[in-house]
Each structure stands twice: as C-alpha cells, then as structure tokens.
Amino acid sequence: MAVLTFESYSQARDHLKEVLDTADRGEPVVVRRQGHDAAVVSAERLRDLLLHRCPPDARVVPEAGRWSVFLPGLPIAADGSTLDEALDEMVLALREYAEDWRDHLKDVPNHRENWGLVQLVSLSDDAQIKEWLAGQAP
C-alpha cells in the first residue's frame, strides 16, 4: 500500500477531503512542508494508541481523611475530600499541565518527552481522563 503523500501544504489543502477520509480509514497520510513531514491521523485512533502508550500510573493515597492523586515522575498532583473530588481535581491539574507544556514546557528537557501525555489529555474529555486515571479506560 502506497502512503498518500502531498508535497506541500497547498496540495494537501486542495485535497483536504481525501486527506481526512484517508486518515479516518487509518491509512497513512503525509504532508511535506519546508523539509518536514507531518502525519495526519484520526484523533480517535491517535487517542486509542496513546491510551496504550501512556498506561495510567496514577497513585491514589488516602491520607488524614482526604484523598491524594499523583503521577510519579511528573509535577502533577491533586487532592480532595473524596476520591471522586480528588480525581476531578487531577483532571484539572492535567489540563493545566497540558496548557503549560504547550506554552513553555515542550522544550524543557525533563518535560519534552511528555508530548504523548499532553496529546492524550488534549484529545480526551474529562470523563475519559478520569477513566484513564482510574485504570478503567478501554
């Protein structure tokens, strides 16, 4: 199977329906621009792949009548008076981290490799993130 490749942004734009239809089928699409290749993929398929690449490693700790949630190795943590509240707060913390990563952390050496987590958070709604944190994602 040949990879659908467009040699320029303009060429891809002129064939946008074909680009999107091909990506939706899970077939590879490449757009070349100024010496760099970009892949166009279905957001749903990318999210599914990232669920497997970024297994949940959330640690949940009951402590002094409260619940804490954190991700080892990441500066992301939350707490609440109930587990559900702590998970809700963790969703907010993950969204804030993703925003900070896009804004200024993407080029910082100890955050650079977290792009998959940022994509997963960005492609998920709050309920999906909570399911992922709780290890209940499909």
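A few remarks follow.
- Helix axis angle, 43-53 relative to the chain longest principal axis, alpha carbon, degrees: 50 degrees
- The chain: Cα Rg divided by the 2.2 N^0.38 Å rule of thumb: 1.28
- Each peptide among 102-112, 23-33, 87-97 gets the average number of other Cβ atoms lying within 10 Å of its residues, and from highest to lowest they stand as 87-97, 23-33, 102-112.
- Label positions at D14 and A134, each projected 7 Å from the Cα along the C-beta direction, are separated by 5.1 nm.
All of the numbers you see were taken from the coordinates with simple rules; none came from a lab. Remember, it's a predicted structure, so these values are computed and weren't measured experimentally. Every residue, glycine among them, receives a Cβ derived from its backbone with ideal geometry; neighbour counts consider all protein chains shown.
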